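A short write-up of the structure that comes next.
The values are calculated or read from the model by the stated rules, or taken from the named source; none is laboratory data. All values derive from a computational prediction rather than experimental measurement. Here the Cβ positions follow ideal geometry from the backbone for every residue, glycine too, while neighbour counts run over all protein chains shown.
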Amino acid sequence: MAVIETRELRKTYGKIEALKGVSLRVEPGQVYGLLGQNGAGKTTLIKILLGIVQKTAGDATLLDHAAGDAATRRRVGYLPEDHAFPVYHSGYSLMDFYGQLYGVSADDRRKKIPEMLEQVGIAGRMHSKIRTYSKGMKQRLGIAQAMFHDPQVIFLDEPTDGVDPVGRREIRDLMQRLKEDGKTIFLNSHLLGEVELICDRVAILQRGELVREGTVADLTKQVGLFVIGVADGQQFPADDVIRLGYKVTPAAGRYEVELPEGKGIDPVLALLSEKGLRLRHLVEKKQSLEDLFVSIVDAAEPGTDGRPGKGVRPVGGPRRRS
């Protein structure tokens with residue numbers, strides 16, 4: 001059973017198409033990353049799943065119930081991007097307030113609040129007013145409140161925004177522990193390096209359309225480009241490989257070999273074997289998730305969505321006209 005599933009999900013605001021037939025599936029225990037520039041439709045998608053916004057067409061389910069089901073929301077935690085906690089609260093009193101809303105008993109609240117704030121690294125400031133917290137501390141507090149009632153699914157919108165590098169690593173470790181406990185995390189983040197480190201699968205939205213979706217390993221793989229190295233003291237036969245129809249580029253003591261259309265890497269390996277060369281390094285080259293993302297939205301102006309770049313097509317069919 002999928003924890004989250006959408007099928008041809010659409011949302012329009014007048015003439016504006018915020019979502020244009022988005023279909024995705026999140027399995028239990030996954031950390032699933034949703035990427036896209038501002039205005040791509042990420043927040044709209046989350047709000048539909050949480051029942052904050054009504055869909056225009058298509059289907060959306062959360063924990064095997066229709067999105068927006070009130071009972072299901074009790075099993076969900078949510079950290080919005082632009083949260084604004086009342087600054088007259090302390091961290092402890094805010095958590096106590098949320099605990100009451102979640103239906104956590106007074107005894108359990110007294111026990112759990114210090115534990116949760118310890119997990120996110122702000123237990124030492126639990127009795128300080130939120131007005132004295134840094135942005136990073138407020139983010140940590142927001143994560144704690146999203147986790148407080150032990151939800152099955154946790155939506156985190158920019159959870160490491162304003163957090164220093166050490167704090168970001170601690171939050172990644174926390175998400176990993178939640179995953180190991182069987183929680184499912186749906187993550188929005190503009191820090192693509194963070195997403196690449198923690199997410200099992202990633203979806204990229206562009207102008208309301210799903211243009212890429214898959215595992216991080218599959219998305220960052222550069223199909224048709226290999227890095228090859230031979231044993232020390234041996235010379236890679238670049239000219240012979242070029243005569244076979246491959247493009248060869250030296251790369252820090254090794255060689256990048258680009259496959260021509262319709263050919264695999266096996267003829268190059270056979271050539272090395274015939275020449276008695278010992279293969280010491282062979283990997284299919286990868287790009288970073290950031291490289292992939294930029295290549296998709298390279299036509300966009302800063303802060304807005306552009307059209308998918310050349311060769312980019314929405315998942316599941318040809319690109320629709322806006």
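Couple of notes before you dig in:
- Within the range 271-322, tally of residues that are part of a loop (DSSP other than H, G, I, E, B), closer than 19 Å to GLY224 by Cα and either among the hydrophobic types (A, V, I, L, M, F, W, C) or at pLDDT below 50 (or both): 3
- The C-beta contact set for the range 116-134 (first residue at positive phi and outside any helix (DSSP H, G or I), second residue surrounded by 19 or more Cβ atoms within 10 Å (Cβ to Cβ) and charged (D, E, K, R), distance under 8 angstrom, 6+ apart or interchain) comprises GLY121/ARG140.
- Selection count where residues are buried (at least 18 other Cβ atoms within 10 Å of the Cβ) and out of contact with any strand residue (DSSP E or B) (no Cβ under 6 Å at 6 or more places or on another chain), scope the range 120-142: 13
- Filter pass, ILE171 being at pLDDT 90 or above and of a type in the set (A, V, I, L, M): no
- Scanning the range 137-148 finds no residues that are charged (D, E, K, R), part of a loop (DSSP other than H, G, I, E, B) and closer than 25 Å to LEU49 by Cβ.
- Entry remark, the range 185-230: residues being among the basic types (Lys, Arg) and more than 14 Å from the chain's Cα centre (by Cα) number 2 in total.
- Restricted to the range 1-107, the set of strands (runs of 3 or more DSSP E) holding at least 2 residues that are assigned by TED's automatic domain parsing to the domain that holds SER189, without any contact (Cβ under 8 Å) to a residue 60 or more places away in the chain and surrounded by fewer than 18 Cβ atoms within 10 Å (Cβ to Cβ) comprises 4-13, 16-26, 57-62.
- Among the residues making up the range 143-156, a single one is of a type in the set (S, T, N, Q) and surrounded by fewer than 18 Cβ atoms within 10 Å (Cβ to Cβ): GLN152.
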